[in-house]
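Data first, discussion second: the structure below is written as structure tokens.
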Amino acid sequence: MIEHIEKQWLSEYLDEQLSSSQQRRVQEHLAGCLTCQAYMRELQQLQQDMQMLKTTECAIDVRAQTLAMLADLAPSRRHKRWSSLEYGAAVASVFCGLLIGSWLMPAETAPSFDLAFVQVLGAEPPGFLCSTSAYCYLEPKK
């Protein structure tokens, strides 16, 4: 089974953009591969067709029209001043958002202290092992 040359290489070969070693490799492959020869002929025909196309002058100056439209879209340097009503509405909306958010948040509960931790340390553990000295002398619930 023959491995074909990459089509990109054939295009670059036609445009004379390959290195000399790559050109030799493509030439050697083209000498024995009918599939790549056919593709190369298609590329050559396409290149000839493209050269025959005439460039025409555009009746419209697209660049000038685009630049004119961009100038119209440019933001103005002058900003509208907010009225006191708009400031009040902004402050009220922030306040309402904070109020609603505080209602939606779950109430914080004090962390429950696990007495099993104290029981592991014994009845009278040293004070520096307890997070709070009052916890060191708690009696387990019965």
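Which whole-Hz ³J(HN,Hα) couplings does segment 6-23 yield from phi under the Karplus relation 6.51 cos²θ - 1.76 cosθ + 1.60, θ = phi - 60°, glycine and proline marked x?
Coupling constants for segment 6-23: 4, 5, 5, 5, 5, 5, 5, 5, 5, 8, 6, 10, 8, 6, 5, 5, 5, 4 Hz.
Assuming a ≥ b ≥ c are the square roots of the Cα gyration tensor eigenvalues, decide whether segment 7-52 counts as rounded (a/c under 1.5), prolate (otherwise, with a/b larger than b/c) or oblate.
oblate
Just so you know, all these numbers are worked out from the coordinates, no wet-lab data involved. Just so you know, these numbers come straight off a predicted model, no measurement behind them.
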